[in-house]
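For reference, the structure discussed in these notes is given below.
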């Protein structure tokens, strides 16, 4: 019996020292809605004909404001049409010691989302980009210890809406255009017109698709100084192709992003399944 008891204690200790990592599931912000359920919910804020308040290309007031130095450093870039600089605040995870504790704007989504179509952070009208975090824990004999989280970019948040991201690495956003060969896959991607086609595409890009050596996924880890491509399809709202560059990660967990709209497609319509 004493031998069995010792083995049991040893097994518990070994389990306690295993590393645990998982992604915090994103729950809808107040006023938002789940991805697949509730597509035709009459309370869905997308049925509201009004649009979110359009923001300046570089916000200069409030929790989402950027320093004047950023505006100065990116003056040449901002001289190009369809460009901007934004601050994204991370989605918090319940109980995390690393949650963002700074001031947040009083809008749906708390500053973690952005629509390049509306040029607005407010969630609920068809957002294109989200900054979220993945919690990680390390198990010890004294219990779980939370490690600094990984932050991620995501696309596709409601109904049959979906999209895909690609990390191009540390390349110039200034010179990136729709004619660049690296943009070809997302540029020529044909938006599904039937719900029975759109939902499988959401799942496919959730798993990840590789084409010509480049990976395209619904969610990718945040990488400082990296340039990303984004194709975001929000049915009845917008279909956009965007390039964006991670300027820096702030000490409070927020991220500064430079963006350029590469192409805006006709508003996509979806034939609903009967």
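There is no residue in the range 124-138 that is touching a helix residue (DSSP H, G or I) at 6+ places or on another chain (Cβ under 6 Å), surrounded by fewer than 21 Cβ atoms within 10 Å (Cβ to Cβ) and not in a helix (DSSP H, G or I).
For every residue, the table says whether it meets (1) farther than 18 Å from residue 123 by Cβ; (2) in contact with a strand residue (DSSP E or B) (Cβ under 6 Å, 6 or more places away or on another chain); (3) part of a loop (DSSP other than H, G, I, E, B); (4) modelled with pLDDT of 95 or more.
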{"residue": "229", "(1), (2), (3), (4)": "yes, yes, no, yes"}
{"residue": "233", "(1), (2), (3), (4)": "no, yes, no, yes"}
{"residue": "240", "(1), (2), (3), (4)": "no, yes, no, yes"}
{"residue": "245", "(1), (2), (3), (4)": "yes, yes, no, yes"}
{"residue": "252", "(1), (2), (3), (4)": "yes, no, yes, no"}
{"residue": "258", "(1), (2), (3), (4)": "yes, yes, no, yes"}
{"residue": "262", "(1), (2), (3), (4)": "yes, yes, no, yes"}
{"residue": "268", "(1), (2), (3), (4)": "yes, yes, yes, yes"}
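Would you mind stating whether residue 168 is surrounded by fewer than 22 Cβ atoms within 10 Å (Cβ to Cβ) and in a strand (DSSP E or B)? Yes; evaluated as a whole, the condition is true for this residue. Yes or no: residue 116 under 17 Å from residue 261 (Cβ atoms), modelled with pLDDT of 95 or more, surrounded by 15 or more Cβ atoms within 10 Å (Cβ to Cβ) and within 14 Å of the chain's Cα centre (by Cα)? Criteria met by residue 116. Of everything listed in (1) touching a strand residue (DSSP E or B) at 6+ places or on another chain (Cβ under 6 Å); (2) surrounded by fewer than 24 Cβ atoms within 10 Å (Cβ to Cβ); (3) modelled with pLDDT under 95; (4) not in a loop (DSSP other than H, G, I, E, B), the single unmet condition for residue 152 is (3). Check the range 66-73 and report whether any residue there is buried (at least 16 other Cβ atoms within 10 Å of the Cβ), touching a strand residue (DSSP E or B) at 6+ places or on another chain (Cβ under 8 Å), in a loop (DSSP other than H, G, I, E, B) and modelled with pLDDT under 80. Among the residues of the range 66-73, not one is buried (at least 16 other Cβ atoms within 10 Å of the Cβ), touching a strand residue (DSSP E or B) at 6+ places or on another chain (Cβ under 8 Å), in a loop (DSSP other than H, G, I, E, B) and modelled with pLDDT under 80, which makes the answer no. In the range 173-227, which residues are more than 18 Å from residue 156 (Cβ to Cβ), in a strand (DSSP E or B) and either touching a strand residue (DSSP E or B) at 6+ places or on another chain (Cβ under 6 Å) or modelled with pLDDT under 95 (or both)? The answer is 214, 227.
Each row is one residue, and each column tells you yes or no for (1) surrounded by 16 or more Cβ atoms within 10 Å (Cβ to Cβ); (2) in contact with a helix residue (DSSP H, G or I) (Cβ under 7 Å, 6 or more places away or on another chain); (3) free of Cβ contacts under 8 Å to residues at least 40 places away in the same chain; (4) closer than 20 Å to residue 130 by Cβ.
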position	(1), (2), (3), (4)
201	yes, no, yes, yes
207	no, no, yes, yes
212	no, yes, yes, no
215	no, no, no, yes
218	yes, yes, no, yes
226	yes, no, no, yes
229	yes, yes, no, yes
238	yes, no, no, yes
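The values are calculated or read from the model by the stated rules, or taken from the named source; none is laboratory data. Quick caveat, the model's predicted, so the values are computed rather than measured. Reconstructed Cβ throughout: ideal geometry from the backbone, glycine too, with neighbour counts over all protein chains shown.
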